[in-house]
Amino acid sequence: EQVYDPQALQAKWQPRWEELKPYAASEDPADPRPRKYMLDMFPYPSGDLHMGHGEVFAIADVVARYWFQKGYNVLHPIGWDSFGLPAENAAIKRNAHPAEWTYANIETQANSFKRYGISFDWTRRLHTSDPEYFRWNQWLFNRFFERGLAYRKGGLVNWCPNDQTVLANEQVVQGKCERCGAVVVRRELTQWYFKITDYADRLLDDMAQLEGGWPERVLTMQRNWIGRSTGADVRFQIEGREEPVTVYTTRPDTLFGATFFVVAADAPLAAEICAPEELGALEAYRAEVAKLTDIERLATDKEKTGVFLGVHAINPVNGERIPVWAADYVLADYGHGAIMAVPAHDQRDLDFARKFELPVRVVVHTGMADPGETGIATPGEGTLVNSGPLDGLAKAEAIARIIEVLEGHGTGRATVNYRLRDWLLSRQRFWGTPIPIIHCPDCGEVPVPDEQLPVTLPDLRGEALAPRGVSPLASATDWVNVPCPKCAGPAKRDTDTMDTFVDSSWYFLRYVDPTYEDGPFDVERVRKWGPIDQYVGGVEHAVLHLLYSRFFTKVLHDMGMVDFVEPFLRLLNQGQVINEGKAMSKNLGNGVDLGQQIDAYGVDAVRLTMVFAGPPEDDIDWADVSPFASQKFLARAFRVMTEVSSAPGVDPATGDLALRKVTHRTLDEVTRLVESNRFNVAVARMMELTSATRKAIDSGPGAADPAVREAAETLAIMLSLVAPYVAEEGWERLGHQPSVALAGWPAADPALLVLDSVTCVVQVAGKVRDRLEVSPDISDADLEVLALESDKVRSYLSGAPRKVIVRAPKLVNIVP
Ligand code: ANZ
Ligand code: ZN
């Protein structure tokens, strides 16, 4: 009797793997194996590994291990995204340095990963908070600066009042800070930006390469985030003012239906054009608007608000005077911060018109009821009416025609607009990469010369790190005051640090050699490994990390440093691990601890539960799964592997044919299932093979049959993708050395995949006239042909039958 003791297997195999390093990727140019690059989104060291890590790394490891077994030279590295706010907050609380907390947590997580048995190449580990790493953030910043892709500008920015720092647009989720959930406010500040907008078209167009490899919803989210629209800029004169005001519209065809004009209440323009007697009302209104988030402002169900500015605009196509209003539903930083309002065909304009009793004029006849009466705008296709020279045209023709007219008069032009904004880079926090710029009163912004990099952090700890609205670095005067690199005069370092999303925008390139000293990454090695064949991580990064990395890759491509433009060929977004139908949280008290689960059931059972729970994209409700049942299954599989009594190397062809067919069919299916990311079904097949082998031992050919050995060996190899410890032990007990990782992935024998035949009864006028041996998956049509070709059947038919009823694969009934 063999007892399955998961903890004993872990204690035995973990040190052996550390010694054997079966998963170290090879850089040997003579290595004939084709390469694959497998990557999991690297963790933030916020504590020990949690259930979410348990899931994503278990899933990704199935693919990585499968490729190893298949004979690829696989790069599967791990590192830590180790700059960021939580370390700083912990340091303030404990009066310590953020590095202490950070590196202690990294060690904890590294040990947990090793216990969890993930097939990482541990020789390539990196931490983004190491000066050897962030030095290259600074080097890259300098290159971006030289190319005009890093620049400083003033303007309204998102400010998290809790974390006391600015945030990029991508880090504001539904008006709240992505990290802490505080409501984000606007502040006027001068900050560093990366010019991601220069790459808007390429970020959109290169998505064609990702179709099929990335989840459609992530592509859609990026497309919407970039938000490219085509339309026209139209210039309106304002009475009593020299300068015209430009609006952006996607519907220049509706220009004759513009019945009023709206300026964003918070745009400087509103106050500029406002009649003096309305200024008081505008100021009061602006104070109200300042309290709202963009999301609230754009909500379609929100009651419309606004003030009349006491002036009129002139429609450039018909000279009509239309009133100018200020409102919150027009945003200051989109388009030109002003719109022509066409209430008949735009719902928000219609809501506003009805609230303030402004006219509604239909200019596109769509066949729908009059919006002025129904309150429902008609944005659809139709024929132009009430529009002078455009009357009778369809929408597309009208757009083309009106643009010609506007261009002819110099009052407008066709244009493309984007929702995407430049990436705000500066953070007023300590635990990040210092921005390598020195501000000189004479020379301006001077980059720190490459050979003086890295600019390391001053030694601040505890209270000195507390957020106070300016970067804590500003208080380190010795650090701040430096000679200008250009003129040697007194100058000051920039005291902000970079958004930590910079760190993760290129880390996957450094993994090829994290100790490389001649640049951010070894260009030659990246040529061999990149781009990433399979990336696995959470969908929460859809418009953050995944957009920024794509941008960095394109810039690096333009610098000639990488020869691809897309970093991640395939992307898998795993679901979340939840409990009792809800996200795990301290408040709900429904948290599940990964370490405790492993202590209770063993690594293999926890990993198997994660993989078996359902399709990898789905959430796993821990209340609905059973790691205990997984453990019981593994114990069964373990016994099967340990009870085999034939010797290794005996020809399986001499063994039981029925079991051999089950083994080879399972192998064939599992291969295809793993390749199509259907890992849970692959586990179900392994379970079936285990049962079939058990039966063969107990009530079939017996434990000494070579087919039983073949089944158990195949099981060990397949199981190693999901439950590596039990697979290793089983493989060893089956008489093999030194590791199942080196076993290779067996090929299914096609001769054994042919399905058994079934007997089909053919009746003529209700009497059995023939029996045919057919494949169990024969189609009705093929079976009908076979039946009618039978000589026996034909001898009972004089002509074409009146009717043939086919029930494949077992019955054909012919009515003569
Ligand atoms: C007139 C019009 C008529 C419009 C119509 C739409 C329908 P997208 O597609 O998202 O780019 N718009 C322009 N600037 C705006 C701003 N700063 N704040 C809020 N809305 C703004 O949207 C472009 C449309 O959004 C523009 O086309 C404009 O309204 C509005 F039947 O102009 B449209
Ligand atoms: Zn200077």
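Contact annotation: no residue pair with Cβ atoms under 8 Å, 6 or more positions apart or on different chains, pairs a residue in the stretch 349-360 that is within 10 Å of Pro371 (Cα to Cα) and at pLDDT below 95 with a partner that is away from ligand 1 (no atom under 16 Å from the Cβ) and not in a loop (DSSP other than H, G, I, E, B).
Considering each residue of the stretch 787-799 in turn, none proves to be among the aliphatic types (A, V, I, L, M) and within 21 Å of Phe68 (Cα to Cα). Could you count how many residues in the stretch 485-508 are open to solvent by 10 Å² or more (accessible area, probe 1.4 Å) and away from ligand 2 (no atom under 16 Å from the Cβ)? Going through the stretch 485-508 one residue at a time, the tally reaches 4. Close Cβ contacts (under 9 Å, 6 or more residues apart or on different chains) running from residues in the stretch 304-326 that are farther than 15 Å from Arg241 by Cβ to residues that are charged (D, E, K, R) and in a strand (DSSP E or B) comprise Asn315/Arg321. Looking across the stretch 321-345 at every residue that is in contact with a helix residue (DSSP H, G or I) (Cβ under 7 Å, 6 or more places away or on another chain) and in a loop (DSSP other than H, G, I, E, B), the one that is surrounded by the fewest Cβ atoms within 10 Å (Cβ to Cβ) is identified as Leu331.
Within the set Asp756, Asp749, the sole residue that is in contact (Cβ under 8 Å) with a residue 24 or more places away in the chain, charged (D, E, K, R) and out of contact with any helix residue (DSSP H, G or I) (no Cβ under 6 Å at 6 or more places or on another chain) turns out to be Asp756. The set of residues in the stretch 672-689 being open to solvent by less than 20 Å² (accessible area, probe 1.4 Å) and either within 24 Å of Glu55 (Cα to Cα) or not in a helix (DSSP H, G or I) (or both) consists of Leu673, Val674, Phe679, Ala682, Val683, Met686. Across the stretch 346-361, the number of residues qualifying as within 12 Å of ligand 1 (Cβ to nearest atom), open to solvent by 40 Å² or more (accessible area, probe 1.4 Å) and not acidic (Asp, Glu) comes to 4. When each of Val523, Val482, Val448 is tested for being modelled with pLDDT of 95 or more, surrounded by fewer than 20 Cβ atoms within 10 Å (Cβ to Cβ) and within 16 Å of ligand 2 (Cβ to nearest atom), the lone residue that passes is Val482. Every condition in (1) open to solvent by less than 10 Å² (accessible area, probe 1.4 Å); (2) touching a Gly at 6+ places or on another chain (Cβ under 7 Å); (3) closer than 28 Å to Pro389 by Cα holds for Asn318 except the one numbered (1).
Of the residues making up the stretch 735-794, just one is under 24 Å from Arg665 (Cα atoms), in contact with a Pro (Cβ under 9 Å, 6 or more places away or on another chain), part of a loop (DSSP other than H, G, I, E, B) and open to solvent by less than 40 Å² (accessible area, probe 1.4 Å), namely Ile778. Can you tell me which of Asp233, Asp206, Asp163 is open to solvent by less than 60 Å² (accessible area, probe 1.4 Å), assigned to a strand (DSSP E or B) and acidic (Asp, Glu)? Within the list Asp233, Asp206, Asp163, the selection yields Asp233. Taking the listed residues Val289, Val324, Val330, Val245, the one that is among the β-branched types (Val, Ile, Thr), in contact with a strand residue (DSSP E or B) (Cβ under 6 Å, 6 or more places away or on another chain) and farther than 23 Å from Gly372 by Cβ is Val245, with no other qualifying. Among the candidates Phe236, Phe194, the residue that is over 18 Å from the mean Cα position of the chain (by Cα), more than 16 Å from ligand 1 (Cβ to nearest atom) and not basic (Lys, Arg) is uniquely Phe194. Search the stretch 432-450 for residues being under 14 Å from Arg135 (Cα atoms) and in a loop (DSSP other than H, G, I, E, B), and hand back the single one that is nearest to ligand 1 (Cβ to nearest atom). Ranking the candidates gives Ile435 first.
Rundown of residues vs (1) open to solvent by less than 40 Å² (accessible area, probe 1.4 Å); (2) modelled with pLDDT under 95; (3) within 16 Å of Asp494 (Cα to Cα); (4) in a helix (DSSP H, G or I), yes/no style:
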residue: Phe113; (1), (2), (3), (4): yes, no, no, yes
residue: Ser119; (1), (2), (3), (4): yes, no, no, no
residue: Thr123; (1), (2), (3), (4): no, yes, no, yes
residue: Tyr133; (1), (2), (3), (4): yes, no, no, yes
residue: Leu140; (1), (2), (3), (4): yes, no, no, yes
residue: Phe144; (1), (2), (3), (4): yes, no, no, yes
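In the stretch 463-489, the residues that are charged (D, E, K, R) and away from ligand 1 (no atom under 16 Å from the Cβ) form Cβ pairs under 8 Å with partners that are in a loop (DSSP other than H, G, I, E, B) and open to solvent by less than 70 Å² (accessible area, probe 1.4 Å), at six or more places apart or across chains, as follows: Arg468/Gln164; Asp478/Pro458; Lys486/Cys443. If only residues of the stretch 451-476 that are open to solvent by 60 Å² or more (accessible area, probe 1.4 Å), modelled with pLDDT under 95 and not in a loop (DSSP other than H, G, I, E, B) are counted, the one that is farthest from ligand 2 (Cβ to nearest atom) is Glu463. Every test in (1) aliphatic (A, V, I, L, M); (2) over 16 Å from Arg636 (Cβ atoms); (3) not in a loop (DSSP other than H, G, I, E, B) is passed by Leu721 save one, and that test is (3).
Looking at the stretch 256-273, which of its residues are out of contact with any Ser or Thr (no Cβ under 7 Å at 6 or more places or on another chain), part of a helix (DSSP H, G or I), open to solvent by less than 50 Å² (accessible area, probe 1.4 Å) and more than 8 Å from ligand 1 (Cβ to nearest atom)? If the condition is that a residue be out of contact with any Ser or Thr (no Cβ under 7 Å at 6 or more places or on another chain), part of a helix (DSSP H, G or I), open to solvent by less than 50 Å² (accessible area, probe 1.4 Å) and more than 8 Å from ligand 1 (Cβ to nearest atom), then Leu269, Ala270, Ala271, Ile273 are the ones that fit. Within the stretch 795-816, restricting attention to residues that are more than 22 Å from Thr759 (Cβ to Cβ) and free of Cβ contacts under 8 Å to residues at least 24 places away in the same chain, the residue that is least open to solvent (accessible area, probe 1.4 Å) is Gly799.
The values are calculated or read from the model by the stated rules, or taken from the named source; none is laboratory data. The structure presented is a predicted model; accordingly, all values stated were derived computationally and were not measured. Counting neighbours? That spans all protein chains shown, and the Cβs are built from the backbone with ideal geometry, glycine included. Calculation scope for accessible area: heavy atoms of the full protein, side chains included, ligands and nucleic acids excluded. Shrake-Rupley method; radii C 1.70, N 1.55, O 1.52, S 1.80 Å.
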